[in-house]
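Some notes on the structure that comes next.
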Amino acid sequence: MGKITGFMEFARIEEGHETVAKRLKHYHEFTIGLDDEQAKTQGARCMDCGTPFCNNGCPLHNVIPDFNDLVFRGQWQMALEVLHSTNNFPEFTGRVCPAPCEASCTLNIDEAPVGIKSIEHAIIDRAWESGWIQPKQAKHKTGKRVAVVGAGPAGMAAAQQLARVGHDVVLFEKNDQIGGLLRYGIPDFKLDKGLIDRRAQQLEAEGVEIRTGVVVGDWPKDSKVTNWSKAKVSAKELMQEFDAVLLAGGSEVSRDLPVPGRDLDGIHFAMEFLPQQNKANAGGKVKDQINAKNKRVVVIGGGDTGSDCVGTSNRQGAKSVVQLELMPQPPEHENKLLTWPDWPYKLRTSTSHEEGCTREFAISTKEFIGKNGKLTALKTVRVELKDGKFQEIPGTEQTLEADLVFLAMGFVHPMAKTLEAFGVEVDKRGNAKATTDLVDGYVTNVSKVFAAGDMRRGQSLVVWAIHEGRQAARAIDEFLMGVSDLPR
């Protein structure tokens, strides 16, 4: 514990942001991280609790009090080692993770929690700037080959862990670049894609072979794939050529809204809209790009993906943006005595919301209205929860004008074609069936085929994806070698 009275002396310091007027003119990151002195002050607030609830609040079980203390003492390189011991990619989590660790911070019972996420952000950015992050190549090769299918955060983390213990790893990705939703879903203003590129370079330097534009299994041509390549590989080929296969794809099937008028022109899934802008930002050509300029935009879905649609629409120059949420509006402040140390249910306002957005809660879309095949409006109704079911409130119907609607209501399950190709059993939600048990963890019903990340657990956070990738890597290493030195 760096400063015994630090938690009483210092207040929480939030990261800064460019002004709304300035950041709406570009798609670059606009968060202003803590400087060295601010990070040190935040580290001083950590009480190094006897039972550090923040560790359990973090799916990766980051050793948070230790790196907080090291930052306070100015031992930045040691803080990086502690951070990397549990997290392969802190620059991802330090930017887009919602920070459940902070909700679990003991200070959060009646004060503002330690700025754990901002400290993590400061550590990893300083590490890259200082050149401390270098490839870690295996000292010995095992002669075992592992195929990792899906190059999102789960697949990237698993590939890195497996390569570092000496396995020959091939990372397959159907799109033209690796990163998964980090690349094609999360906007550039939240996560610069150069951060993914340099990790890809590190993976290759550590011996991971990356094959992009490769479709594994028999996928239909009408699937929402960013870049179809002529390269295809069958499940049978992978099973013959590799000693183990890890399925680490995402939960990519978007939840639809099958109401009258759904086929009107102007209604799109969020994951049709967001990847196009990211690709355009990278200099790619996007045919018939969806553009919100001078249009009345309605986003259906109140989560992070919906928020990303709001921010992107505003940058494109939308005339207006309205975000609809089926659930009732959460309270502005949670009852901490009832919720701590769990993730609280409360109203969350993102930076995209601050940039301009009308938010409506407890509202359901009944019908899309159009003219000459094009969307012109939505017919909505207010709802309330009764006996666990949503019921319409009579007399609350209204018509909301709209030129564009983005469906951002979450994802239901991974693409079935890949799982079917390997003969992997699925659970009732359509996810790959595999447990997280210490014995035979992450293994499917098919011998030597494992599953992790969103493909196994369903849509989730990047921090859970990295955690599952790391855990699956250990399970595979133990399967191949009998024992494993990878962290549990």
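The values are calculated or read from the model by the stated rules, or taken from the named source; none is laboratory data. The shown structure was predicted, so the numbers you read here are calculated from the model rather than taken from an experiment. Quick reminder, even Gly has a Cβ in these numbers, built from the backbone with ideal geometry, and neighbours come from all protein chains shown. The area values use the complete protein model at the heavy-atom level, side chains included, leaving out ligands, DNA and RNA. Shrake-Rupley method; radii C 1.70, N 1.55, O 1.52, S 1.80 Å.
Key figures
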| read-out | value |
| --- | --- |
| Only listed residue being of a type in the set (D, E, K, R) and in contact with a His (Cβ under 8 Å, 6 or more places away or on another chain), chosen from LYS336, LYS346 | LYS346 |
| Top-ranked residue of segment 26-54 - restricted to ones that are within 30 Å of GLY317 (Cα to Cα) and in contact (Cβ under 8 Å) with a residue 40 or more places away in the chain, ranked as least open to solvent (accessible area, probe 1.4 Å) | PHE30 |
| Hits in segment 455-466 - residues which are under 14 Å from THR435 (Cα atoms) and either in a helix (DSSP H, G or I) or of a type in the set (Val, Ile, Thr) (or both) | MET455, ARG456, ARG457 |
| Residue under evaluation LYS374, criteria (1) surrounded by fewer than 16 Cβ atoms within 10 Å (Cβ to Cβ); (2) touching a Phe, Trp or Tyr at 6+ places or on another chain (Cβ under 9 Å); (3) among the charged types (D, E, K, R), criterion not met | (2) |
| Residue list for segment 428-454, restricted to those being open to solvent by 10 Å² or more (accessible area, probe 1.4 Å), of a type in the set (A, V, I, L, M) and under 24 Å from GLN240 (Cβ atoms) | ALA434, VAL443, VAL446 |
| Identity of the residue in segment 347-367, outside any loop (DSSP other than H, G, I, E, B) and among the charged types (D, E, K, R), that ends up most open to solvent (accessible area, probe 1.4 Å) | GLU354 |
| Index of the failed condition, THR436 passing every other in (1) farther than 25 Å from TRP343 by Cα; (2) touching a Phe, Trp or Tyr at 6+ places or on another chain (Cβ under 9 Å) | (1) |
| Entirely in segment 98-207, the helices (runs of 4 or more DSSP H) that have 1 or more residues that are without any contact (Cβ under 8 Å) to a residue 12 or more places away in the chain, more than 16 Å from the chain's Cα centre (by Cα) and farther than 18 Å from THR86 by Cα | 116-130, 194-205 |
| Matching residues in segment 145-184 - criterion: being at pLDDT below 95 and among the small types (Gly, Ala, Ser) | none |
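Residues checked against (1) within 26 Å of CYS58 (Cβ to Cβ); (2) open to solvent by less than 60 Å² (accessible area, probe 1.4 Å); (3) without any contact (Cβ under 8 Å) to a residue 60 or more places away in the chain; (4) assigned by the TED database to the domain that holds GLY266:
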position	(1), (2), (3), (4)
ASN278	no, yes, no, yes
GLY283	no, no, yes, yes
LYS287	no, no, yes, yes
VAL297	no, yes, no, yes
GLY306	yes, yes, no, yes
ASN314	no, yes, no, yes
TYR345	yes, no, yes, yes
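Yes or no, residue by residue, for (1) out of contact with any helix residue (DSSP H, G or I) (no Cβ under 8 Å at 6 or more places or on another chain); (2) more than 14 Å from ALA402 (Cβ to Cβ):
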| site | (1), (2) |
| --- | --- |
| ARG262 | yes, no |
| ASP265 | yes, no |
| GLY283 | yes, yes |
| GLN289 | no, yes |
| VAL298 | yes, no |
| GLY301 | no, yes |
